[in-house]
Amino acid sequence: MIICSKTSERLRDLINEETEYRSGPNLVKFFNVLGFNHSYGQGFPSRWKYTDDCLETINGTPKLDTCIKNAFNPVNFIGRLGELDGYLADFNQYLAFDKWQVVRNEAEITFKKLHKVELHENETNVPSLSESDFLSREFSGFSISDLGLDPNITDTLNNRLDEIEKTYNSGAYLSTILLAGSSLEGIFLGLASSNPRAFNTVKSSPKNRDGKVQQFHDWTLAAFIDVAKDLDLIQLDTYKFSHTLRDFRNYIHPYQQMSSGFTPREHTAKICLQVLKAVIMEISENINKIPK
């Protein structure tokens, strides 16, 4: 199987932190199973670059098939197969452009060759979520204080919002994106900490190999976004573009930015800033929906 660069980038994110957070040593173990003979130590590159390099090496070989099977191995998702199927559905949207599909049949992961590019929306009966419509939404009168977070984190987040506006207005678009992404994660973590029962009992809450919900500090931003959507705290378009912000936030790693050739621009920063405003406004409106 040969996959394009976009599919490889998505697979990298799934391996590095979404299906399971893998530290540098754990990534070495993951790829050494495929025949590499690497060791973790001084001079080890960023996790993003390391995974990119490994995937590039095995692309087009049977080892890539094994890599994908290992990443989505059902034995690692006991008690959370629904989460696994969600990852597969997401990855298949990218893999479709390579005319392949990953299929789970109970505990077996196989591949299906497609004769043409087949695209399927994850959501049914949902209107098109256009970028222009999302950017045209206006927000006023929103405040971090309306979220009921700990006063200390509220002050910190308010200071960050002021700084984000300054970086955006001064044309520092990468800083805007990174601050927006980290602030978004801070909001969700603060909200989860204030409402642990609600966040822990949602079906999409991330589980460890024993089927127990992970500690909040181990949750990825992707997990927080999914749970917020399931709790009806954010709307579908905000959910979609929150994941877009999450993708851009990963460019905090210089090697990640270098390998992808990403150059932040005003339009990208505007989307990220709009996501942050939408999340704050929608959560403040829906916070009473959180079960106590």
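The values are calculated or read from the model by the stated rules, or taken from the named source; none is laboratory data. Note that the structure is predicted; figures quoted are calculated from it, not measured. When we count neighbours, we look across all protein chains shown, and the Cβ atoms used for this are built from the backbone with ideal geometry, even at glycine.
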> Can you name every residue in the stretch 79-108 that is within 19 Å of K207 (Cα to Cα) and part of a helix (DSSP H, G or I)?
Replying inline: L81, G82, E83, L84, D85, G86, Y87, L88, A89, D90
> From the list F134, F199, which one is closer than 26 Å to G79 by Cα and part of a helix (DSSP H, G or I)?
Replying inline: F199
> What do you reckon, is R80 crowded, with 19+ Cβ neighbours inside 10 Å and within 21 Å of D230 (Cβ to Cβ)?
Replying inline: yes
>> Out of the residues in the stretch 235-292 meeting the condition of being small (G, A, S) and closer than 25 Å to D53 by Cβ, tell me which one is surrounded by the most Cβ atoms within 10 Å (Cβ to Cβ).
In response: S259
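Select the helices (runs of 4 or more DSSP H) contained entirely in the stretch 219-292, then report the ones holding at least 1 residues which are charged (D, E, K, R), in contact (Cβ under 8 Å) with a residue 12 or more places away in the chain and over 27 Å from F91 (Cβ atoms).
Where helices (runs of 4 or more DSSP H) fall fully within the stretch 219-292 and carry at least 1 residues being charged (D, E, K, R), in contact (Cβ under 8 Å) with a residue 12 or more places away in the chain and over 27 Å from F91 (Cβ atoms), they are 266-286.
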> Since V102 meets every condition but one in (1) over 21 Å from the mean Cα position of the chain (by Cα); (2) at pLDDT 90 or above; (3) of a type in the set (V, I, T); (4) under 27 Å from A89 (Cα atoms), which condition does it not meet?
Replying inline: (1)
> Among the candidates F30, F72, which residue alone is free of Cβ contacts under 8 Å to residues at least 60 places away in the same chain, surrounded by 14 or more Cβ atoms within 10 Å (Cβ to Cβ) and more than 20 Å from the chain's Cα centre (by Cα)?
Replying inline: F30
> Taking only pairs six or more apart or across chains, which ones have beta-carbon atoms under 6 Å, a first residue in the stretch 188-203 that is more than 10 Å from P291 (Cα to Cα) and in contact (Cβ under 8 Å) with a residue 24 or more places away in the chain, and a second residue that is among the acidic types (D, E) and assigned to a helix (DSSP H, G or I)?
Replying inline: V202/D230
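The rows are residues; the columns are (1) in contact with a strand residue (DSSP E or B) (Cβ under 7 Å, 6 or more places away or on another chain); (2) on the phi > 0 side of the Ramachandran plot; (3) free of Cβ contacts under 8 Å to residues at least 40 places away in the same chain.
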position: N76; (1), (2), (3): no, no, no
position: D85; (1), (2), (3): yes, no, yes
position: L88; (1), (2), (3): yes, no, yes
position: K99; (1), (2), (3): yes, yes, yes
> Taking the stretch 204-218 on its own, how many of its residues are without any contact (Cβ under 8 Å) to a residue 40 or more places away in the chain and in a helix (DSSP H, G or I)?
Replying inline: 2
> Restricting the search to the stretch 227-258, which residues are in contact with a Phe, Trp or Tyr (Cβ under 8 Å, 6 or more places away or on another chain) and among the acidic types (D, E)?
Replying inline: D237
